[in-house]
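> Provided herewith is a single structure, encoded as structure tokens, for subsequent inquiry.
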Amino acid sequence: MKKIITIAGSNSQKSINKSLLTYTNSLLENVEIITIDLNNYVLPIFGVDFEVENGIPTAVKRLNELFNTADGFIVSLAEHNGSYAAVFKNTVDWLSRLNMKIWRDKPMLLMATSPGGRGGATVLQSASTYFPFMGASITDTFSLPSFYDNFNNGEISNESLKKELQSKVDKFQITIESRNQQYQV
């Protein structure tokens with residue numbers, strides 16, 4: 001069974017990106033879902049001096065080993081002042097010390113949502129440009145604008161956006177399956 005790692009790029013207990021990710025997880029079929037909560041990987045602020053004095057934190061090593069098992073990633077990014085949340089960026093910085101290709105050249109569905117009408121478009125654009133250098137094979141992106149207007153009772157309430165996400169999840173899963181068949185030949 002394929003393993004999909006899902007990560008909300010936020011440490012908020014009430015993260016709307018976690019809500020979007022939970023809903024997206026329910027659309028996946030015949031996979032093992034490993035949901036990463038960044039609150040379970042509390043890390044010191046990355047710095048070379050800290051690394052020299054203390055080494056790489058055990059939590060980073062555990063997360064890196066978990067990433068090795070993934071067949072794909074679904075990441076939903078919180079947008080803080082037009083960029084990644086500090087907790088997510090710090091995690092990426094630490095992971096890159098063990099493997100610059102932190103996403104392992106695996107398929108990724110990249111998402112964001114926000115209360116505003118742009119739905120995290122700025123952070124999605126930035127990640128779409130940056131993540132491939134770190135080994136992401138982005139199958140698609142999805143932006144859910146105006147979260148509180150378009151998401152109710154644990155699901156996307158706007159039918160057009162709901163169909164769009166389902167289509168992108170299907171494409172993501174097809175990419176993982178075809179990639180697996182390619183390597184089995």
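> Quick check on the range 35-62: of everything there that is closer than 15 Å to SER12 by Cα and assigned to a helix (DSSP H, G or I), which residue is most open to solvent (accessible area, probe 1.4 Å)?
Only one residue fits best here, namely ASN40.
> Follow-up question, since we're still on this one. For the range 68-97, give me each residue that is of a type in the set (A, V, I, L, M, F, W, C) and buried (at least 22 other Cβ atoms within 10 Å of the Cβ).
Selection gives PHE73, ILE74, VAL75, LEU77, ALA78, ALA85, PHE88, TRP94, LEU95.
> Looking at the structure I just gave you, is LEU165 more than 23 Å from ASN64 (Cα to Cα), part of a helix (DSSP H, G or I) and open to solvent by less than 20 Å² (accessible area, probe 1.4 Å)? Steps first, answer last, please.
Values: more than 23 Å from ASN64 (Cα to Cα): yes; part of a helix (DSSP H, G or I): yes; open to solvent by less than 20 Å² (accessible area, probe 1.4 Å): yes.
Yes; evaluated as a whole, the condition is true for this residue.
> State the number of residues belonging to the range 99-119 that are farther than 25 Å from GLU32 by Cα and touching a helix residue (DSSP H, G or I) at 6+ places or on another chain (Cβ under 6 Å).
1
> Taking the residues in the range 1-24 that are in a strand (DSSP E or B) and open to solvent by less than 10 Å² (accessible area, probe 1.4 Å) as candidates, determine which candidate is nearest to PHE88 (Cα to Cα).
Of the residues in the range 1-24, the ones in a strand (DSSP E or B) are 2-9.
Next, from what is left, pick out any that are open to solvent by less than 10 Å² (accessible area, probe 1.4 Å): 4-9.
Details: ILE4: 18, ILE5: 15, THR6: 13, ILE7: 9, ALA8: 8, GLY9: 5 Å.
Among those that are in a strand (DSSP E or B) and open to solvent by less than 10 Å² (accessible area, probe 1.4 Å), it is GLY9.
> Taking LYS106 as meeting all but one of (1) open to solvent by less than 20 Å² (accessible area, probe 1.4 Å); (2) in contact with a strand residue (DSSP E or B) (Cβ under 7 Å, 6 or more places away or on another chain); (3) within 18 Å of ALA127 (Cα to Cα); (4) not aliphatic (A, V, I, L, M), write down the number of the exception.
Here LYS106 clears every test but (1).
> Out of ALA127, ALA121, which single residue is of a type in the set (Gly, Ala, Ser) and in contact with an Asp or Glu (Cβ under 9 Å, 6 or more places away or on another chain)? Full working, then the answer.
Details: ALA127 fails: in contact with an Asp or Glu (Cβ under 9 Å, 6 or more places away or on another chain).
Exactly one residue qualifies, and that residue is ALA121.
> Please report, ordered by residue number, the helices (runs of 4 or more DSSP H) entirely within the range 63-158 with at least 1 residues that are within 14 Å of the chain's Cα centre (by Cα) and charged (D, E, K, R).
Helices (runs of 4 or more DSSP H) meeting the threshold: 86-95.
> Only one of these conditions is not met by LEU27: (1) over 16 Å from THR113 (Cα atoms); (2) open to solvent by 40 Å² or more (accessible area, probe 1.4 Å); (3) in contact (Cβ under 8 Å) with a residue 60 or more places away in the chain; (4) not β-branched (Val, Ile, Thr). Which number is it?
Failed condition: (2).
> How about the range 168-185: which of its residues are modelled with pLDDT under 95, open to solvent by 50 Å² or more (accessible area, probe 1.4 Å) and assigned to a helix (DSSP H, G or I)?
Matches in the range 168-185: GLU177, SER178, ARG179, GLN181, GLN182, TYR183, GLN184.
The values are calculated or read from the model by the stated rules, or taken from the named source; none is laboratory data. Predicted model, so just to flag it, every value in this text is computed and none were measured. FYI the Cβ positions are ideal-geometry reconstructions off the backbone, even for glycines, and counts take in every protein chain you see. Accessible surface areas use protein heavy atoms only, side chains included; no ligands, DNA or RNA. Shrake-Rupley method; radii C 1.70, N 1.55, O 1.52, S 1.80 Å.
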